[in-house]
C-alpha cells in the first residue's frame, strides 16, 4: 500500500516514500526540477527493502539533488516557464476575462525577456520591460508586476529559482485619480433617450441607474433572476470577454459566476421600473417571433439576434453615446452615483451600500465611494465659519468671511 500519492505535484528537492506492491519494494522519490523541453516534472528514485532504508535513501537523494535544482532553470526559458505556469497554476482557477488580461501581460514579458534562460532572469530585466513599454501606463505596469510576481513566486516555491525577480519592481508615477462626475437628472434622461445600437438601451440604463450593477452583472441578467411582481432581482451571473484569438471576428463572450461571493445578492426594484420591464418583456417577445431564431431567450438583455451583448462592445457604445451628449460620467461612475445618492439620503450606512454594490469588503466601499464634491467642501467651510462662536471667541477674526473657492 502506498503511503503517498506518487503523482502529486512536489517542488524541487521535496520527496516522498511509497510501497511498490508489485515489486514488494519501498521506493524513495525526490522531485529535482522541470524538463526544459516539455515542462514536466523530473523525478529521481531509489528502491529499498524496508521503509526505514527508504527513508535513508530519500535523505541521500535530497542531499544530492536539492543543490542541483537550479540546474534545470538553465534549461528552461522565461517564455516556456510563463506558459507552463499559466496553463498549470493560473488558467484553471480564473475567469476568462482575467485569463485574457494575464495573457496580455505574459505576451509583453515574452516579447522582451521570453528567450532568456529562467536562471539568468533578473529584476533589472523585468524593470526594463516596465521602463520601455509601460512607463506611461501606471495601471498596466501595476498589473504586469502583479502577474509576474505570481508567476515567479511559483518558480521560487518549486525551488527552480532562488528568489523572485519581480518582487521589488518599481512602478511609474501614479496619476491623479479621475474626479467623480455625478450625472444630473437631465443627463440621465438624455442617456435614456439617446439612439443606440441596442433595442434594449433604455431598459439597461434604467436598471443601472436604479441598482448600480457592474457592467457584466447587468448584461448577464436572466429573466428568471427577476421577480417583477414582488419587485426584486438576483445577481447570479456575469458576462465577461475572453481573449480574441487569431481568426476571430471579435472577443468571445462567456457567462461566468459573479466577481466574488459578496457579488451574489438580491436587490430591490421600484414598482415603476418593474412596470417598464414588464412592458419591455412583451416587446422582446415580439422581436423574438419576428426574428425566428433567438440565441438566448433566457436573457433579459441581448443584441438584435438574441445573442449575448459583448461587455467590451457595450462599453464602447456607452462612451460613444455619452461623448456625443457631452456627458463626462463614465459607466463605472454610475455605480459611484448609486453609492453617493444612497449616502446623501442619510438613510443608509456603508454596510448597506456595500451590500447594494456587492463589494467584497466594506473598505472598498469606504475607499472608492465616498465623494466630497466642491459644494460639500464649501458647505463645510461655511459651517466652520458660522460655528466658530460656539467653539471659542476669536474676536475680530469671526468677521472674516470664508474665501470663495474657484
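Summary table
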{"read-out": "Full-extension gain in nm, residue 153 to residue 128, via 0.36 nm per residue minus C-alpha separation", "value": "7.1 nm"}
{"read-out": "Cα gyration tensor category, rounded, prolate or oblate, for segment 136-216 with a/c compared to 1.5", "value": "prolate"}
{"read-out": "Proxy reagent accessibility, fewest Cβ within 10 Å first, across 322, 236", "value": "236, 322"}
{"read-out": "Calculated over segment 166-261: convex hull of Cα atoms, volume per residue (Å³)", "value": "215"}
{"read-out": "Spin-label zone in segment 243-280 - amide nitrogen under 12 Å from a point set 7 Å from the Cα of residue 355 along the C-beta vector", "value": "265-268"}
{"read-out": "Sequence of 223, 26 once ranked by neighbouring C-beta atoms within 10 Å, starting from the fewest", "value": "223, 26"}
{"read-out": "Amide N proximity, segment 156-175 versus residue 112 label position 7 Å along Cα-to-Cβ, cut-off under 20 Å", "value": "163-175"}
{"read-out": "Global geometry of segment 86-160, whether rounded, prolate or oblate, following the gyration tensor of its Cα atoms and the 1.5 cut on a/c", "value": "oblate"}
{"read-out": "Using a Förster distance of 22 Å, the FRET efficiency for residue 344-residue 193 (Cβ separation, nearest 0.05)", "value": "0.30"}
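We did not get these values from a lab; they are worked out from the coordinates using the rules stated. Owing to the predicted nature of the structure, the values given are computational and were not obtained by experimental measurement. Note: ideal-geometry Cβ built from the backbone for every residue, glycine included; neighbour counts use all protein chains shown.
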